[in-house]
Amino acid sequence: MSKEKSIFICQSCGNSSPRWEGKCPSCGQWNSLVEEITKKTKIGQASKLQSNAQPLDLSAVKSHFGNVNSCGFLEVDRVLGGGFVPGQVVLLAGEPGIGKSTLLLQIASRIRYEKLDVGSGKVDKEIGSGRLEKDNLKSVLYIAGEESPEQIKIRAERLKINGEKIITYQETDVDEIILFLKNNKDNFKLIIVDSIQTLNTTDLTGTSGSIGQVRECAFRLLEAVKFLGIPLILVGHVTKEGAIAGPKVLEHLVDTVLYMEGDTNHEFRIIKTTKNRFGPINEVGVFSMEEGGLKEVSNPSGVFIAERVNNVPGSVTTIIMEGTRPVALEIQALTSKTPFGFPKRASSGFSLNRLNILCAVLTKRAKINLYNEDVFVSVAGGINITEPGADLAVCLAIASSCKNLPVASQCFAVGEVGLLGEIRKVSSLAIRIKEGKRLGFTQGVTWQECKSLQDAISKTIGDK
């Protein structure tokens, strides 16, 4: 059969070229030409499962949202909005070695059919036994692009997974995969592709992992699973800048984008969602990496502050919001006289740009002289903080270390610090205060108790 024709389109100006060029001859942008298919032939029709589509009245469309595949992890179900919806396409991204393949293999061994009560948002496990037994006969298809079945088996043995309902399929041709799905469409309840960057189609000349190949393969898989009604998980690589490798359109195509974060030197892993068409986008799941795989952390606040040392200068507890869940974290700061003329600022788990701003506010508004002080800030546990609610705790920790006076161990701080030194409101303050009381904290430093940063320092540390 003849291969589909393709051209190279500049993603900046739209200029087309019959062959790839490093520099666009029209706008001068480098590496902006991407291969795209221009004509569909018989090969392209092999991957298309649905044809002759007809317009439908929305009231006549049948909704399958009431049926959901619970992945067996409450923390993952939380970020998904209850579980996997039929035909849902999920993109799971994370740094190498963070635990993506481990999580997926555990999901493949635990996933089960359940019924979702959409009105209450709860999963009903007591459903008709006939439907449940029928679904339990289905398997999970694990498409291995990066690893061999033998390597997957080694990981399964380490995780103590027998794998009797996990089908491994070592194939990288997306058209062959779709043809296999078409012939076995009633046999699977979940499809896992590890990873999308390893797939290719012979209709394009680019190598696996190129922008054109990633986009076309993802689009063809999306068309297939939407028609078959089977949820799909695509594993995506992350670049050194922290973005998902491949075209940005890949994130627009899928229904849900999950990021797996954490420090490989620490045991904790966090799953965040940045896009979800079937649930909230502000929920997180917390796991700990142990010898037997990933384990859910139901009380992350107690875990993150369990090793905190009381009455030591430079340590302050804050409570941040991860979705609808309050999480208590320990902020640690250290200041020391700089031997050079230019003081150093360094942070781990907290924005360095934000740290520089807060140091300037402390010096200007709170009279904490940091001109000749190196400042180091760390979030214990390897967690990254992105919300402004931790500003006040960072400032108090720096001031505490600089004055060499501890903040009371029963105190937690929540608030955004402005450039004028004022303490500003943060969202869900009542929930944060309630979580602090649950953990045994008796004093909360917020905008309600202190209006300015200098006032907060005076009340918690003193004027010495």
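Rule-based calculations on the coordinates, nothing more; no lab input. Because the structure is predicted, anything quoted here is derived from the model rather than measured. Cβ coordinates were reconstructed from backbone atoms using ideal geometry, including for glycine residues, and neighbour counts include every protein chain displayed.
Structural remarks
- Distance in nm between pseudo-label sites at Gln410 and Ala360 (7 Å out along the Cβ direction from Cα): 3.9
- In terms of surrounding Cβ atoms within a 10 Å radius of their Cβ, Glu157, Glu176, Glu216, Glu435 rank from fewest to most as Glu157, Glu176, Glu435, Glu216.
- Rounded to two decimals, the Cα radius of gyration of segment 209-364 over 2.2 N^0.38 Å is 1.37.
- Isolated cysteines in the chain, defined as those with no second cysteine Cβ under 4.7 Å, comprise Cys71, Cys217, Cys359, Cys395, Cys402, Cys411, Cys450.
- Low-density loop cleavage sites - trypsin sites (Lys or Arg not before Pro) in segment 340-376, where at most 12 other Cβ are within 10 Å (DSSP): Lys344, Lys367
- Legend: residue pairs Lys189/Lys295; Lys160/Lys226; Lys364/Lys425, Cα-Cα distance threshold 28 Å; pairs beyond threshold, Lys160/Lys226.
- Bridge type composition, the chain - antiparallel percent by DSSP, nearest 5: 60
- Over all orientations, segment 302-460 has a Cα convex hull whose mean projected area works out to 8.3 square nanometres.
- Distance between the 7 Å Cα→Cβ label points at Asp57 and Val312: 6.9 nm.
- Normalised by the number of residues in the chain, the average gap of Cα pairs under 8 Å and 6 or more apart makes the relative contact order 13 percent.
- Extension gain, Lys459 to Arg155, is 104.1 nm, computed as 0.36 nm per intervening residue step minus the present C-alpha separation.
- Segment Gln29-Ile431, extension gain: residue separation times 0.36 nm, minus the distance between their alpha carbons: 139.8 nm
- Distance between the pseudo-spin-label points of Leu352 and Thr274 (7 Å out from Cα toward the beta carbon): 2.0 nm.
- Euclidean distance between Cα centres, segment 188-216 to segment 247-296, Å: 21
- Cα extents of segment 254-345 along the three principal axes, largest first (Å): 53, 29, 27
- By the count of neighbouring beta-carbon atoms within 10 Å, fewest first, Asp173, Asp186, Asp57, Asp263 end up ordered Asp57, Asp186, Asp173, Asp263.
- Using the Stokes-Einstein relation with a Kirkwood hydrodynamic radius computed over Cα pairs, the translational diffusion coefficient of the chain at 37 °C and a viscosity of 0.692 mPa s comes to 131 µm²/s.
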